[in-house]
Amino acid sequence: MNIIIVGCGKVGQKLAEKISSEQDNNVTVIDVNSSAVKETTNAYDVMGYVGIVL
């Protein structure tokens, strides 16, 4: 399943941790804070983008 998480705060990081550990999930996180995206992508098996979702 392809999953997009908008926001890499406490809740977004916890979701990324839980969902990425399950098999067959492709997780992408999006946030305006580049350090939060970098931290999340380094900690979990997820893709990350820095930007604004409109």
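Please treat every number below as a calculation from the coordinates, not as lab data. Values in this document were obtained by computation on a predicted structure and should not be read as measured data. Positions of Cβ are backbone-derived with ideal geometry, glycine not excepted, and every protein chain shown enters the neighbour counts.
From the coordinates of this entry, Rg and Dmax of the Cα atoms in Å is computed, and it appears in (i) 9.9, 29; (ii) 11.4, 35; (iii) 9.5, 25 under the label (i).
For residue 48, nonlocal amide neighbours, meaning residues 5 or more places apart or on other chains whose placed amide H falls under 5 Å from its own, are 29. Rounded to the nearest 10 degrees, the angle from helix 34-43 to the longest Cα principal axis of the chain is 20 degrees. As a rough guide to protection, the peptides 24-35, 1-12 ranked by mean Cβ packing within 10 Å, highest first, stand as 24-35, 1-12.
Residues in region 5-18 carry Karplus couplings, in order, of 10, 9, x, 10, x, 4, 5, x, 5, 5, 4, 4, 4, 5 Hz; the curve used is 6.51 cos²θ - 1.76 cosθ + 1.60 with θ = phi - 60°, and Gly or Pro positions show x. Every helix of 4 or more DSSP H residues in the chain counts as -39500 (n - 2.57), and over all residues that averages to -12500 deg cm²/dmol at 222 nm. If I take every Cα pair under 8 Å that is 6 or more residues apart in the chain, average their sequence separation and divide by the length, what percent do I get for the relative contact order? Rounded, it is 36 percent for the chain.
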